[in-house]
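Take a look at the structure below.
Since every read-out is calculated from the coordinates, none of them should be taken as a lab result. Since the structure is predicted, the reported quantities are computational estimates derived from the model, not experimental observations. When we count neighbours, we look across all protein chains shown, and the Cβ atoms used for this are built from the backbone with ideal geometry, even at glycine.
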Amino acid sequence: MKERYAIWRIRFIFIILILLLVCAVVLSIGYGKGINEIIRGLTEKEGFGFVLRKIRIPRTILALLIGGSLSICGASLQSILRNSLAEPYTLGISAGASLGITISVILGLNNQLGVFANPFMGFMGAMGSTSMVYILSRKKLFDPGAMVLFGIVVSLVFSSLVFLLFSLLDPDRMHGVILWLMGDLSSLENELIFFYIPAFLIPAFILFCFSRELDILSLGHEKAQYLGVKSQRAYKVFFILTSILTGLCVSAAGIIGFVGLIVPHILRMVLNTGNRYLLYASYIGGAAFLVFSDVFSRYILYPVELPVGVVTGIIGGVILLVLLIERP
Amino acid sequence: MSRQILLSIQNVSFSYAKKEIIHNICLHIEEGEFVGIIGPNGSGKSTLLRISTGFLRPYKGDIIFSGKDIRKYDIKTLAKNIATLPQSMEVFFPHCVEDFIAMGRYPHLRHSLFKQDRDMGLVKDVMETMDIAYMTGRRITDLSEGERQRVFLAQCIAQDPILLLLDEPVSHFDIRYQIKTLEILENLNRDGMTIVIVLHDLNLASEFCTRVVLMSEGKIFKEGPPNHVLTFQNIEEIYKTVVIVKENPISGKPYIIPISQKYL
C-alpha cells in the first residue's frame, strides 16, 4: 500500500513538472498569443511565423537545454560532494568557463576558428578551474566541506581574472561581453542551435546513466569503495561531464546562477528518492524554471530586456533564503 | 577439522602522519568465525578494520582474502564478497529507506545503461529479518540515530557478503536492540557468514563472539576464546580499570563488572 502511494507521489510530481514546462514553453513562444495562433503561426512564412522560427523557438530550446543541464549538474555535484550548496556556479566551474570564453572573445578566436571556438574554450576553462579544485581537494582527501570552500576561492580568483581582462578591453567591446556574462539568452546565433541540441543532450544522457553511482557516492568515498565504486575515477568522470555542460551553458548564455542550486534542492525535498528520479525531475524542473525566468526577464520591464542571470539570481536567491529559514 | 582461512592479515604495519598506528600485526580469520575486536580508544581497532577492507594501504605486510592479495582484486568483486559498515556514516539526502538499502545490491547488479533492476524482493526480505519493515516509505533523514544505524546494517546485509566487517555497529542502540542486532548477526553467522566486529562493550563481545582479539597500542595483546582473553588481569592491564570477572550463570561466558575508584 505504502509502496503504491510512493509511486503515485512520484508520478504526480512528474505530471506537475511537465505541466509547468508546457506552460512555460507556451508562454515563451507565444507570449500574448494562444496556442491556436502559435500553430497557425508555424505554418506562416512571413510575419509572426518568421519571429517564431528564427527567434522565439530557438531561444526557448536554448533556455530548456541550459536550465535542464545546469540543474542536473547541480544535482550530481551535490550528491558527490554531499553538500547542498554545490553547483557549477559555487564550485567555480562557471567562472572557469567564463574566463575561457572571455579569452576566446578577446583574441577573436571566433573569427579565426569558427563558431565552435567559444564553447570549446568554455569547456577548457571549466576543466581548468575544476582540475584546480580537484587537485587541491585531493590533499584534503576529498572532504566535501573543503571542496566547496576551494570551489568558492577558485571561483573568486577566476572571476577576478575575467574582470582583469575586461579592464584591458576597450569600452565598446566591453558592453557586449558584460551583457553576455550576466546571463543573456538573446544573443544566440541561429546556426548554432543544431550543434547545441546534441552537444547538450549527450552528456546529460551519460549523467542519467550514472545515477546509481551518484547515489552511492553520496554515502562518502569510503563507503562508496566498500560498495564497489571507485570514487576517484567517478569524481573525474562527473567533473568532466559537468565541465562540458557548464562550458556549453556559459558559452551559449553566460553565467546563470542558482538554477543548479535551487531546483535540485526543492525536488530533493519533495521526491525523497534516489538520484534516478531526481536527475530526470531536475532536468524538467530546471528547464521550466529557466524558461519562466526568461519570460519574466523579457516582459517585466518591457521593452527593456533584463539579463536572465539577474532574474534567476534574484528569484532563486529569495526562494533559497525562504527555504533555509523555514527549515526546522 | 581445520577450516579454511578466509582473511589473513600478515605482518601488517600502518602509519599515518608519521605516527605508526599498527605495528606488525598477524591475524587469521577462518571461515564461519564470529570475531570480536576489542581494546581501548585509539588502540587501532578501526584502523585494522579499514586495512582489512583494502581501503587503507599498509606500508608493510599483506592482506590475503580467499588466497589472493587484496590489492589484486577488482573493487567490485571485493564488494560482492566483503561488506563493511564504517564507524560513522552520514546521510545528506532524504532517500527513502528501501531505496537506501537497495544501494547494497549495487555490486551484484549487471551494469547496464538501460535497465536498472534493483532486487526489491531481496531488500524486503532483509527488512523483515532486521525487523525494520515498518520503516518502509520513510525518509532516512527523519529516522532516529538508532533506527538509522539499523538501516545501515541492513544495507550491508543486503550486499549478501561472505565476510561482514562492522565497526561499532551497536553503540547507538539501547540494550534491546543491541541484543536483537547481535542475535540477528549470530543467525547470519550460523548460516555461514563470517563476521568481524569492533565492539566497545566487553560483555557483548564475550556473549556473542567465538573469538575475541584484544588490541592495545597498535598490537594484538591477546586473542582466543572469550574466557581466555577476558580475564581480570588482561583487562586491568589494558584498560587500567579495576574489574571483577564473573561467569554468566546462563551462558557460562565471562562477564565483566567495572569497579569505581571510590570503593577501592
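Considering segment A:14-38, and only residues there that are in contact (Cβ under 8 Å) with a residue 24 or more places away in the chain and small (Gly, Ala, Ser), the residue that is surrounded by the fewest Cβ atoms within 10 Å (Cβ to Cβ) turns out to be A:Gly30. Of all residues in segment A:82-108, those that are over 12 Å from A:Ser155 (Cβ atoms) have Cβ atoms under 7 Å from Cβ atoms of residues that are assigned to a loop (DSSP other than H, G, I, E, B) and polar (S, T, N, Q), 6 or more apart or on another chain, in A:Arg82/A:Ser218.
For (1) within 14 Å of chain B (Cβ to nearest Cβ); (2) within 30 Å of B:Lys80 (Cα to Cα); (3) in a loop (DSSP other than H, G, I, E, B); (4) not polar (S, T, N, Q), each residue gets a yes or a no:
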{"position": "A:Val237", "(1), (2), (3), (4)": "yes, yes, no, yes"}
{"position": "A:Cys249", "(1), (2), (3), (4)": "no, no, no, yes"}
{"position": "A:Ala252", "(1), (2), (3), (4)": "no, no, no, yes"}
{"position": "A:Leu290", "(1), (2), (3), (4)": "no, no, no, yes"}
{"position": "A:Val295", "(1), (2), (3), (4)": "no, no, no, yes"}
{"position": "A:Pro303", "(1), (2), (3), (4)": "no, no, yes, yes"}
{"position": "A:Ile314", "(1), (2), (3), (4)": "no, no, no, yes"}
{"position": "A:Leu324", "(1), (2), (3), (4)": "no, no, no, yes"}
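With a requirement of 3 or more residues that are charged (D, E, K, R) and surrounded by fewer than 18 Cβ atoms within 10 Å (Cβ to Cβ), none of the helices (runs of 4 or more DSSP H) lying completely within segment A:87-195 satisfies it. Taken together, the criteria place A:Val229 among residues that are crowded, with 18+ Cβ neighbours inside 10 Å, among the β-branched types (Val, Ile, Thr) and under 25 Å from B:Leu163 (Cα atoms). Looking only at segment A:197-219, decide whether some residue is more than 27 Å from B:Glu98 (Cβ to Cβ), away from chain B (no Cβ under 14 Å) and without any contact (Cβ under 8 Å) to a residue 24 or more places away in the chain. Taking every residue of segment A:197-219 in turn, at least one turns out to be more than 27 Å from B:Glu98 (Cβ to Cβ), away from chain B (no Cβ under 14 Å) and without any contact (Cβ under 8 Å) to a residue 24 or more places away in the chain.
Restricting attention to segment A:267-288 and to residues that are among the small types (Gly, Ala, Ser) and part of a helix (DSSP H, G or I), the residue that is farthest from A:Gly100 (Cα to Cα) turns out to be A:Ala281. Here segment A:267-284 is the region considered, the condition is being more than 9 Å from chain B (Cβ to nearest Cβ) and buried (at least 24 other Cβ atoms within 10 Å of the Cβ), and the residue that is nearest to B:Asp142 (Cα to Cα) is A:Leu267. Within segment B:142-161, residues that are within 20 Å of B:Ala79 (Cα to Cα) reach partners that are surrounded by fewer than 23 Cβ atoms within 10 Å (Cβ to Cβ) and of a type in the set (Lys, Arg) with beta carbons closer than 7 Å, at six or more positions or on different chains, in the pairs B:Ala158/B:Arg105. Of all the listed residues (A:Gly41, A:Gly67, A:Gly74, A:Gly49), the sole one being of a type outside the set (Phe, Trp, Tyr), part of a helix (DSSP H, G or I), more than 14 Å from chain B (Cβ to nearest Cβ) and crowded, with 22+ Cβ neighbours inside 10 Å is A:Gly67.
Being crowded, with 18+ Cβ neighbours inside 10 Å and more than 14 Å from every other protein chain (Cβ to nearest Cβ) is the requirement here; does B:Val198 meet it? In short, yes. All conditions but one from (1) without any contact (Cβ under 8 Å) to a residue 24 or more places away in the chain; (2) of a type outside the set (Phe, Trp, Tyr); (3) away from chain B (no Cβ under 14 Å) apply to A:Lys139; the one that does not is (3). A:Pro264 meets each of the listed conditions (1) within 27 Å of A:Gly96 (Cβ to Cβ); (2) more than 14 Å from chain B (Cβ to nearest Cβ) apart from (2).
Is it fair to say B:Arg105 is in contact with a strand residue (DSSP E or B) (Cβ under 7 Å, 6 or more places away or on another chain) and either more than 10 Å from chain A (Cβ to nearest Cβ) or not aromatic (Phe, Trp, Tyr) (or both)? So B:Arg105 fails the test.
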